[in-house]
């Protein structure tokens with residue numbers, strides 16, 4: 001039986017994403033309209049990249065896709081930090 005999601009799994013918003021939100025009222029409004037889980041998926045997807053250049057590309061895509069109305073990053077299986085069974089892959 002799978003364990004319930006940890007209620008504290010949500011990642012803090014990185015300063016780079018917060019700066020994007022602070023600098024664009026439209027983006028901020030669409031961001032706030034997302035559920036907290038959806039916002040967490042975007043944050044996790046963005047910060048999970050190992051190289052800064054990839055994180056920059058993901059932040060740009062986050063901006064574009066959230067403005068286009070997308071709720072979650074495409075092809076992202078979800079934040080592994082909230083699933084006990086996947087933690088072995090991210091906590092190692």
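The values are calculated or read from the model by the stated rules, or taken from the named source; none is laboratory data. Note that this is a predicted model, so its numbers are computed, not measured. Here Cβ is always computed from backbone atoms with ideal geometry, including for glycine, and neighbour counts include all displayed protein chains.
Worth pointing out:
- Flag for residue 6 being surrounded by 10 or more Cβ atoms within 10 Å (Cβ to Cβ), at negative phi, touching a helix residue (DSSP H, G or I) at 6+ places or on another chain (Cβ under 8 Å) and modelled with pLDDT under 95: yes
- Enumeration of residues in segment 42-72 that are touching a residue at least 24 places away in the same chain (Cβ under 8 Å), over 14 Å from residue 14 (Cβ atoms) and surrounded by 16 or more Cβ atoms within 10 Å (Cβ to Cβ): 66, 72
- Filtered by the rule that a residue be within 11 Å of the chain's Cα centre (by Cα) and either outside any helix (DSSP H, G or I) or within 16 Å of residue 76 (Cα to Cα) (or both), segment 35-48 gives 37, 38, 39, 40, 41, 42, 43, 44, 45, 46, 47, 48.
- Residue in segment 12-22 that is assigned to a helix (DSSP H, G or I), at pLDDT below 95, surrounded by 12 or more Cβ atoms within 10 Å (Cβ to Cβ) and at negative phi present: no
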